[in-house]
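Worksheet: the structure to be examined is printed underneath.
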Amino acid sequence: MATLIHTLADHSDDVNCCAFSSSCLATCSLDKTIRVYSLSNFSELPYSPLAGHGYAVHCCCFSPSGRVLASCSTDGTAALWDTRDGRRLAVLEQPGASPVRVCRFSPEDTYLLAGAADGSVVLWNVQSLKLYRSGKVKDGSLMACAFSPNGNFFVTGSSSGDLTIWDDKMRCLYNEKAHDLGVTCCDISSHPVSDSENGFKYFQMASCGQDNQIKLWLILFADFLGVQLKYKCTLNGHSAPVLACAFSCDGQMIVSGSVDKSVIIYETSTGNTLHTLSQHTRYVTTCAFAPHSPLLATGSMDKTVHIWQLDLKQPCAGDTVENESKVAVEDWSEDDVSAWLCAQDLADFVGLFKTNNIDGKELLNLTKESLANELKIESLGLRSKVLQKIEELRMTEISVSVPDEFLCPITRELMNDPVIATDGYSYEREAMENWISNRRSSPMTNLPLHSLMLTPNRTLKMAISRWQETQQK
């Protein structure tokens, strides 16, 4: 089971990233701040928020020791902060002053890797605070990075869809076109897996992208053999671009967050879905497992961070419906409904729903009155909770049934007045006008918009109208 135990709602704009140390959680936002919380009671530390950046903060991460927190921003810098008192230790300016999108510490605390919108990649020496090496991806903006467990290699992901493997001398060793529409995140598990073909130890890597997919890879880091990257499988649980992914510390789970507003936790060995979490109301932009406790943090453009408690000892027998995203809710069996109840922390109602033969079709037709009069749920609070979960399920069912190209990328709702922005994507006019009134970047790529002109997409509007007519027949 995954239980929502706390919600942080201190940021005033989109949450872009969250990161754990052994004792703290850090979050950062478009509101230019980084906030730091104690894991003991989720209270904000006295020195928080950290407010040294001049523009949006895109990424934050703790050093392996937990003593230093790094952040990076549109202002073209990465900053280092002392986690004991919040003191800013250094401001590291990216060559070319391009917006810095992502940062990561090497496992041995030697380097900080910073990647920027112009494709530049920089290794900073954390002790001397000097630039150690720099390079550049061959195409696109740098959107993702991860170090190998030994720190001798790292991987970057770009908006052009490439995964590139580098050594610590900034030599490009391997390049793979991984995601057609761009890589958004990548992570490497610190636990090796055996490969039966040759006996070598491979590490698992995950990448996700604008193509709605999460891909799992086997990657070999060996000085005497070079590097090898082998495709393992694709996880297709999301119905929209996947913005974040992360391995659990033991490598047995991987979590992802998406534009479809959902969080999915997979079992790494099988690719099976363990949990689907749908409590966020906007894009899920970040997710992270805690290193030494069964906690998961997820952040969203709804300005909140949810903290989840994972029950790793006794999972419910089917915490989500297998292949839930591929099976219409109205076609669910009674057992599918029981599994859904477990996933929503409503396992106490499994017996009641089975006694009343509630299948998927019956579930969608439940009302406040039927919960009270037919199922005899006396508690108003419990009835409201069940009804809210059913309403979320109805909304998910609507989103799944509508062709994805008819949904506005910002609201994930059916478009009524679609317009084309200069990034080439179509949006609902009102949603896009609200977006560009606050920022001048693309909602899909985060890159600057060369013009704020919006052009009516009449072809798409006609296609939506024809589709709506077919649904009414």
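The values are calculated or read from the model by the stated rules, or taken from the named source; none is laboratory data. Bear in mind that the values here come from a model prediction, so they are computed numbers and not experimental data. When we count neighbours, we look across all protein chains shown, and the Cβ atoms used for this are built from the backbone with ideal geometry, even at glycine. Please note that ligands, DNA and RNA were not included when accessible areas were found on the heavy atoms of the full protein model with its side chains. Shrake-Rupley method; radii C 1.70, N 1.55, O 1.52, S 1.80 Å.
Annotation: per residue accessible area for the range 329-397 equals 53 Å², rounded to a whole number [probe 1.4 Å, protein chains only]. Before I look further, what does the range 2-310 give for accessible area per residue, probe 1.4 Å, in whole square angstrom? Accessible surface, normalised per residue, equals 36 Å².
When Lys303, Lys136 are compared by accessible surface with a 1.4 Å probe, the order from highest to lowest is Lys136, Lys303. Here the extension length gained between Glu176 and Asp348 equals 57.1 nm, from 0.36 nm per residue of separation less the Cα-Cα distance. Phe147 exposes around 30 Å² of accessible area when a 1.4 Å probe is run over every protein chain in place. So, taking all protein chains as they sit and a 1.4 Å probe, how much accessible area belongs to Thr355, in Å² rounded to tens? About 110 Å², rounded to the nearest 10. Partners of Lys130 within straight-line reach, counting lysines whose Cα lies under 24 Å from its Cα and excluding those fewer than 8 residues away in the same chain: Lys169. Taking the charge dipole of the range 329-397 about its Cα centre, with +1 at Lys and Arg Cβ atoms and -1 at Asp and Glu Cβ atoms, the residue from Asn373, Ser338, Asn356 reaching farthest to the positive side is Asn373.
Measuring between their Cα centroids, the range 339-400 and the range 246-261 lie 27 Å from each other. Listed cross-link partners Lys232/Lys361; Lys354/Lys389; Lys361/Lys461 are compared with a 27 Å cut-off, the Cα-Cα value being larger for Lys232/Lys361; Lys361/Lys461. Cα-based radius of gyration for the range 329-397, normalised by 2.2 N^0.38 Å, reads 0.98. Atom-type composition of the exposed protein surface of the chain places 48 percent of the accessible area on carbon and sulfur (1.4 angstrom probe).
Protein chains only, probe 1.4 Å: how do Glu392, Glu430 rank by accessible area, largest first?
Glu430, Glu392
Of the whole protein surface, Ile420 contributes about 60 Å² of accessible area at a 1.4 Å probe radius. Between the listed residues Pro443, Phe221, Ala79, the Cα displaced farthest toward the positive end of the dipole of the chain, a dipole computed from Cβ unit charges relative to the Cα centre, is found at Ala79.
Our Cα-only numbers for the range 343-473 put the radius of gyration and Dmax at 20.4, 60 Å.
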